[in-house]
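Read the structure below first, then the notes.
The values are calculated or read from the model by the stated rules, or taken from the named source; none is laboratory data. These figures come from a predicted structure and were not determined experimentally. Here the Cβ positions follow ideal geometry from the backbone for every residue, glycine too, while neighbour counts run over all protein chains shown. The protein model used for the area step is the full one, side chains on, heavy atoms only, and it has no ligands, DNA or RNA in it. Shrake-Rupley method; radii C 1.70, N 1.55, O 1.52, S 1.80 Å.
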Amino acid sequence: MTALLKHPGYNEERLQRVAEQLPCREVQVGMLLSLMGQPQQYSYPSVFIYGHRASGKSHVMHVLMKELELPHATVSCVECVSVVLLFEQVLLSFFGCDAASLLPRSPSLSDFVRIYRQQCSQSPAKQTRYIVMEKAELLRDTDASLLPALLRLQELVEDNVTVILLSEIIWDKFRPNTGCFEPLLLHFPDYSKGELQQILSQNRHSSYSAEFYSTYINILLGVFYSVCRDLRELRHLAALNFSKFCEPLAEGKVKETDTHKLWKHIEPHLKKAMQTVYLREVSSLQWEQMQQMEEKEAGALRGLSAHTHVELPYYSKFLLIAAYLASYNPARTDKRFFLKHHGKIRKTNFLKKNEKTSNHLLGPKPFPLDRLLAIFYSVVDSRVAPTASIFSQISSLVTLQLLAQVSHDDQLDAPKYKCAVSLEFICAISRTVNFDIVKYLYDFL
């Protein structure tokens, strides 16, 4: 590993520390070191590094700059919402707060270049300075002249400075239409399954052997690799479920080598966690508490994938309640439940050929949008104007698969929906808004 990182300009001990912190990225680190050259040499003006999320781009640059003690400015384009913050961050990192204070209230690119050149004349660079731009795709939304200027900043400021852009999109979608200086391109590919196994196995628990933790990671990847290859998410899932994996071992029921029994124990828990990959509906502490409640209350769904723990906006809860009532109550019963002066209407008046069949056994029925809104305005405990926010929340419920749209997308005048949640779920939602839904269900009269 260290043979790939040998470089005449850097100490071998430092390169060894870099190699230890960057497993499975030896090729990319070696390419970067070749592009950077020796510290006192002029480097290429700009480098464009691209790859999917969690492919190690930012981590590699952070370790290289820290361990090799290179002068650098790390700029997050998410945090720097304006060019003022970007210019300040660069000047502050290279020349201190006095240089950053020289910027005018609304600095232009020429102001930044002028102040940078002044500071360079006072403290010239003894080695290459690096500006690392994270989430660089956001630069496309800034002034059209900023990106071309950054790509040739070395020429503009006449200093040994290299701009490194980190992005999740390819350069072809990044290139300005007006043309610009072409940076060197370096691709960070996704980690393979074997590489993920190697990286995740390094975070083993001190109380267990490396072989045991490696077995656990292999089982985890066998479940999640087909749906998630994000290293950060997999690391989170590994930490979240490891205590459950170790339970039979702690109780003395199995040995570390009984892989099959350990797999049988953890399989249902991993399948539950797989339903909410990336969502992070609950914290790790809440997840552990839910696992304990699940063991105490048999038959009650308290796991990570339980929809009762999904937090919805206030009016979205009432919209979902209205949708459930519209799906499981016959339309002719709306007058009975939602009109104050409906007269005496007995349930036997509605019972005909399906008098012994429960609507909950038949499943949810589709309903039009106007009926959903009519029930919503009847059950909500305050006056709500029919604003765009209400309609957007209906779309959000469809996106969350709590509602299902059964009409065609081009049917804009009267779309139809169907509620896709269970009775236990809607009862849990109703309790959070102090609404007794059972009183409004036809099956429970």
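Things to note:
- Lone qualifier among Y278, Y324, Y225 - being at pLDDT below 85 and aromatic (F, W, Y): Y278
- Residue, nearest to R25 (Cα to Cα), within the stretch 35-57, restricted to residues that are of a type in the set (A, V, I, L, M) and in a strand (DSSP E or B): I49
- If you go through the stretch 102-129 and keep only what is more than 22 Å from S43 (Cβ to Cβ), part of a loop (DSSP other than H, G, I, E, B) and either open to solvent by less than 20 Å² (accessible area, probe 1.4 Å) or modelled with pLDDT of 90 or more (or both), you end up with L102, L103, P104, P107, S108.
- Search result, residues across the stretch 107-122 that are in contact with a helix residue (DSSP H, G or I) (Cβ under 7 Å, 6 or more places away or on another chain) and of a type outside the set (V, I, T): P107, L109, F112, Y116, R117, Q119, C120
- Set E294, E233: member being out of contact with any strand residue (DSSP E or B) (no Cβ under 8 Å at 6 or more places or on another chain) and modelled with pLDDT under 85: E294
Rundown of residues vs (1) open to solvent by 20 Å² or more (accessible area, probe 1.4 Å); (2) over 34 Å from the mean Cα position of the chain (by Cα), yes/no style:
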residue	(1), (2)
G9	yes, yes
R17	yes, no
R25	no, no
L35	yes, no
S43	no, yes
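- The residues of the stretch 67-90 that are in a helix (DSSP H, G or I) and under 27 Å from the mean Cα position of the chain (by Cα), listed by number, are V83, L85, L86, Q89.
- No other residue among L86, L70 is at pLDDT 90 or above and surrounded by 21 or more Cβ atoms within 10 Å (Cβ to Cβ) apart from L86.
- Residues located in the stretch 297-321, provided they are open to solvent by less than 20 Å² (accessible area, probe 1.4 Å) and either modelled with pLDDT under 80 or β-branched (V, I, T) (or both): G303, L304, S305, A306, I321
- The stretch 391-445 - residue that is open to solvent by 80 Å² or more (accessible area, probe 1.4 Å) and outside any loop (DSSP other than H, G, I, E, B) and, of those, farthest from K317 (Cα to Cα): F444
- Among the conditions (1) of a type outside the set (K, R); (2) over 12 Å from L319 (Cβ atoms); (3) open to solvent by 70 Å² or more (accessible area, probe 1.4 Å); (4) assigned to a helix (DSSP H, G or I), Y377 misses just one, which is (2).
Listed here are the residues, each with its yes/no results for (1) touching a residue at least 60 places away in the same chain (Cβ under 8 Å); (2) more than 18 Å from L33 (Cα to Cα).
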| position | (1), (2) |
| --- | --- |
| L68 | no, no |
| H72 | yes, no |
| S93 | no, yes |
| A99 | no, yes |
| S106 | no, yes |
| F112 | no, yes |
